[in-house]
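Data first, discussion second: the structure below is written as structure tokens.
The values are calculated or read from the model by the stated rules, or taken from the named source; none is laboratory data. Quick caveat: nothing in here was measured; it's all calculated off a predicted structure. So basically every Cβ, Gly included, is an ideal-geometry build from the backbone, and we count neighbours across all protein chains shown.
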Amino acid sequence: MKTEKIILGIDPGTTIMGFGLIKVIGKKMEFIQMNELMLKKYDDHYLKLKHIFERTIELIDTYNPDEIAIEAPFFGKNVQSMLKLGRAQGVAMAAGLSREIPITEYLPKKIKMAVTGNGNASKEQVALMLKSLLNLKELPKNLDATDGLAAAVCHFYNSSRVTGGKSYTGWSAFVKQNSKRVNEAFLDYIMNTNIRIRIDRGSISKI
């Protein structure tokens, strides 16, 4: 059994993507780094997705995480916002799956519960608890980075027991467990691009 591993936590978003990394040695965790990918300056939504994918790949190739923990989108009233957030999460997951890294999704309340003991904790409360747990010298101006770090810490606390998080060991596993999401994403892609396709006996080809 591997006693040392690196966990990458991601808080996906189309305005800011927060992320954090921790090293797990036995039953202890050590802080590696946290940061944010600022996406506000990009007007094109698909360009934002490109940057999310490329930054996630860069993090993977730089730190070689053994596992990825990602915050699952919450359900809100704004359908367009939910769709964009889901795309951001999907792109980050696709980057991890392309490198065959196991991914686990956690609901925001579960992450907050794991870190603070309160599923309704504020971003500030989560950040302050992380500062104490990981002996951080200071906190970032924007707390999206600590949200990403919190996902990694949540995974650390839950990795030794069965949890409600959804896990995927590769692309085929993700597709099998999320066929509806994959189909919806594919149809959305077709509707929002100018490509035409032909479907013949179950195979798809570009016209």
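Restricting the search to the range 76-113, which residues are modelled with pLDDT under 90 and in contact with a helix residue (DSSP H, G or I) (Cβ under 7 Å, 6 or more places away or on another chain)?
Of everything in the range 76-113, those that are modelled with pLDDT under 90 and in contact with a helix residue (DSSP H, G or I) (Cβ under 7 Å, 6 or more places away or on another chain) turn out to be Gly76, Lys84.
Step by step: first the residues of the range 72-97, then only those that are in a helix (DSSP H, G or I) and charged (D, E, K, R), then the one that is nearest to the chain's Cα centre (by Cα). Which residue is that?
Filtering first and then ranking leaves Arg87.
Conditions (1) at pLDDT below 95; (2) under 22 Å from Pro12 (Cα atoms), marked per residue:
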site: Ala121; (1), (2): no, yes
site: Lys131; (1), (2): no, yes
site: Lys141; (1), (2): yes, yes
site: Arg161; (1), (2): yes, no
site: Phe174; (1), (2): yes, yes
site: Ser179; (1), (2): yes, yes
site: Ile195; (1), (2): yes, no
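Taking the condition of being assigned to a loop (DSSP other than H, G, I, E, B) and of a type in the set (Gly, Ala, Ser), how many residues in the range 105-129 meet it?
4
Condition first: over 15 Å from the mean Cα position of the chain (by Cα), of a type in the set (S, T, N, Q) and at positive phi. Can you find one or more residues in the range 98-118 that meet it?
No, because not a single residue in the range 98-118 is over 15 Å from the mean Cα position of the chain (by Cα), of a type in the set (S, T, N, Q) and at positive phi.
Considering only the range 10-45, state which residues are closer than 15 Å to Ala88 by Cβ and touching a residue at least 40 places away in the same chain (Cβ under 8 Å).
Hits for the range 10-45 are Ile10, Asp11, Pro12, Gly13, Thr14, Ile16, Met17, Gly18, Phe19, Glu36, His45.
Going by the conditions given, is Leu21 assigned by TED's automatic domain parsing to the domain that holds Tyr157, at pLDDT 95 or above, in contact with a Lys or Arg (Cβ under 6 Å, 6 or more places away or on another chain) and surrounded by 15 or more Cβ atoms within 10 Å (Cβ to Cβ)?
Here the answer is no, as Leu21 does not meet what is asked.
Considering the range 59-98 alone, what residues qualify as being in contact with a strand residue (DSSP E or B) (Cβ under 9 Å, 6 or more places away or on another chain) and of a type in the set (D, E, K, R)?
Those that are in contact with a strand residue (DSSP E or B) (Cβ under 9 Å, 6 or more places away or on another chain) and of a type in the set (D, E, K, R): Asp66, Glu67, Glu71.
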